[in-house]
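What follows is one structure encoded as structure tokens, with my remarks underneath.
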Amino acid sequence: MKNWWVNNMSFPEDFLWGAATSAFQYEGANLEDGKGWTVADERCQAKSQIQADSSVASDGYHHLEEDVKLMKELGLKSYRFSISWARIFPDGEGEINNAGVIYYQRLIDLLNENHIEPIVTLLHFDIPWALIEKYEGFVSRKCIDAFEKYCRTCFELFGDKVKYWLTINEQNVMVMMADMLGLKKDDPKLNLKFVQCNYHMYLASAKAVIACHEMCPDALIGPCVSYPTLYAETCHPDDVALAYDMQDIMAFAPMETYVNGTIDPIVMNKWIKDKTVPEILENDETILKAGVADYLGVNWYCTQTIGTTSKNGSFNIGVEIDIKKNPFLEYGHWDWSYDPKALKMALKECYARFRKPIMICENGWSEIEEIRDGKIHDSKRIEYLHDHIEQMEKAIDEGVNLIGYQHWSFIDILSSSQGFDKRYGLIFVDRDNFNIKECQRIKKDSFYYYQTIIKNNGLGEENGKQ
């Protein structure tokens with residue numbers, strides 16, 4: 001049996017070994033204690049006949065103390081979670097919901113009491129539905145104002161107890177999916193609205209950074225960008241150019257705006273060619289420049305291999321793309337590749353381009369799992385942890401300023417695409433898509449493995465056991 005204990009690792013003493021969840025996937029209680037309906041709730045409800053929805057999720061709202069005790073037992077140095085905007089402002093703006101404030105105050109207090117650094121995401125896919133009905137969400141600048149008010153409220157309420165903030169989770173994913181923005185897929189103006197939402201969310205993120213720097217001068221704040229490393233299917237110039245340009249526009253261009261406060265020229269050129277240039281006001285450039293990130297949050301899971309459908313000697317970003325399976329890689333149940341060496345490459349690329357501290361905000365392995373004799377043996381997740389932590393150490397050794405690792409996820413949570421069939425957690429939640437049961441928490445083998453990794457700051461035991 002292979003020994004998965006990591007040997008001879010060298011991480012900074014203050015490295016933030018953590019784990020992560022998001023509100024709509026973890027909390028449940030989606031209309032309890034005054035919380036408002038959200039885009040995420042709407043998306044989940046649309047699939048409620050075929051999989052679990054957000055109404056209960058992992059029932060984290062009612063297991064708060066138990067779960068923080070498990071975090072302490074695990075030894076977490078940090079916990080990344082999201083505040084539900086609609087639990088603070090049920091209508092996205094207007095009156096504050098005191099019950100929501102009390103819940104997050106209790107969570108943050110418990111984390112601090114147990115020496116676990118809170119890392120707070122301000123928006124994780126759950127725009128309040130009332131703002132969709134009033135403004136079409138981020139299609140309107142009024143949604144920027146509502147977001148800024150919400151962020152300032154969070155900084156005022158929790159800012160003295162939170163050092164790390166994240167503005168918007170995976171904006172670069174949201175702006176490619178109509179239902180994540182609360183838009184209609186058949187809207188004839190959808191492409192223009194995608195761009196308008198994207199631009200307005202950049203401004204919203206910048207305003208959150210400005211407010212944080214003003215109200216919480218000792219805190220650090222940044223974005224959270226999805227970064228799938230892309231390979232070319234072949235060494236044909238069309239494939240290579242496609243992979244290069246797609247990675248640029250999908251990941252590096254958003255990072256450019258967050259980190260340097262400018263719209264990447266490649267993006268602006270595409271907007272002009274597509275006749276989708278958003279409304280840009282005179283003061284916007286000043287806002288973007290003033291609201292640059294302190295650090296870069298990166299969600300990284302795997303690589304994708306892509307190619308053009310026709311090798312005719314020319315292409316552009318709008319070309320039809322084939323996503324291929326890489327014959328040199330292993331794939332999981334949902335066709336995500338297992339490619340740990342690419343993580344080091346990704347971290348080096350991000351750091352070389354932007355020279356900002358990096359926090360891995362999501363990284364993990366999904367499986368179909370069940371209890372056997374009261375236990376969950378998730379050896380593949382242990383292997384995944386081992387191999388990716390090894391590459392993190394190598395990236396640090398080669399000069400990358402990596403400040404933390406938030407494993408996705410702390411506990412089994414609702415997958416918006418596969419419900420409770422798809423499990424990422426270090427802790428099993430005993431429920432399935434339609435039988436909620438008591439949501440009992442059961443520690444997996446990976447819980448104990450990660451516990452030792454944290455305890456030794458990555459330095460494994462020479463003769464440890466799986």
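The values are calculated or read from the model by the stated rules, or taken from the named source; none is laboratory data. Everything quoted here is computed from the prediction, not taken from an experiment. Here the Cβ positions follow ideal geometry from the backbone for every residue, glycine too, while neighbour counts run over all protein chains shown. Side chains included, ligands, DNA and RNA excluded: accessible areas come from the protein's heavy atoms. Shrake-Rupley method; radii C 1.70, N 1.55, O 1.52, S 1.80 Å.
Taking θ as phi - 60°, what are the ³J(HN,Hα) couplings along the range 187-202 by the Karplus curve (6.51, -1.76, 1.60), each to the nearest whole Hz, with x for Gly and Pro? After applying 6.51 cos²θ - 1.76 cosθ + 1.60, I find 5, x, 9, 4, 4, 5, 5, 4, 5, 4, 4, 4, 5, 5, 5, 4 Hz. Kindly provide the Kirkwood hydrodynamic radius of the chain in Å, to one decimal, from all pairs of distinct alpha carbon atoms. Roughly 22.6 Å, rounded to one decimal. Scanning residues 5 or more positions from residue 38 or on other chains, those with amide H under 5 Å from its amide H are 129, with H placed 1.01 Å from N in the peptide plane. Proximity of backbone amide H atoms, modeled 1.01 Å from N, is registered between residue 415 and 420, 422 at under 5 Å, excluding neighbours fewer than 5 places apart on the same chain. Place a point 7 Å from Cα of residue 277 in the direction of its Cβ. Which residues in the range 241-270 have their backbone N less than 19 Å from it? Once the point is set 7 Å along Cα→Cβ of residue 277, 262-270 turn out to lie under 19 Å by backbone N, inside the range 241-270. Annotation: amide H of residue 229 within the under-5 Å range of 302, 304, sequence separation 5 or more or interchain, hydrogens built in the peptide plane. Fully extending the segment from residue 186 to residue 49, taken as 0.36 nm per residue of separation minus the present Cα-Cα distance, adds 47.0 nm. With θ taken as phi - 60° and the Karplus curve 6.51 cos²θ - 1.76 cosθ + 1.60 applied, the whole-hertz 3J(HN,Hα) list for the range 406-423 is 10, 5, 9, 10, 4, 9, 4, 10, 5, 8, 5, 9, 10, x, 9, 6, 9, 10 Hz, x standing for glycine and proline. Relative to the current alpha-carbon distance between residue 177 and residue 269, full extension at 0.36 nm per residue lengthens the span by 31.0 nm. Where Lys and Arg each count +1 and Asp and Glu each count -1, what net charge lies around residue 209 among other residues with Cβ under 13 Å from its Cβ? With Lys, Arg at +1 and Asp, Glu at -1, the net is +1.
Ligands, DNA and RNA left out, the accessible area of the range 331-388 computed with a 1.4 Å probe is 46% carbon and sulfur.
Using a probe of 1.4 angstrom and keeping all protein chains present, the accessible surface of the range 135-201 works out to 39 square angstrom per residue.
Each residue of the range 167-181 was assigned a 3J(HN,Hα) from its phi angle through the Karplus expression (A = 6.51, B = -1.76, C = 1.60, θ = phi - 60°), giving 7, 10, 7, 6, 3, 5, 8, 4, 7, 10, 10, 4, 6, 6, 9 Hz with x at Gly and Pro. The residues of the range 331-466 expose, per residue, 41 Å² of accessible area to a 1.4 Å probe. Per residue of the chain, what 222 nm ellipticity follows from adding -39500 (n - 2.57) for every DSSP H run with n ≥ 4, rounded to the nearest 500? Mean residue ellipticity at 222 nm (helix-derived): -11500 deg cm²/dmol.
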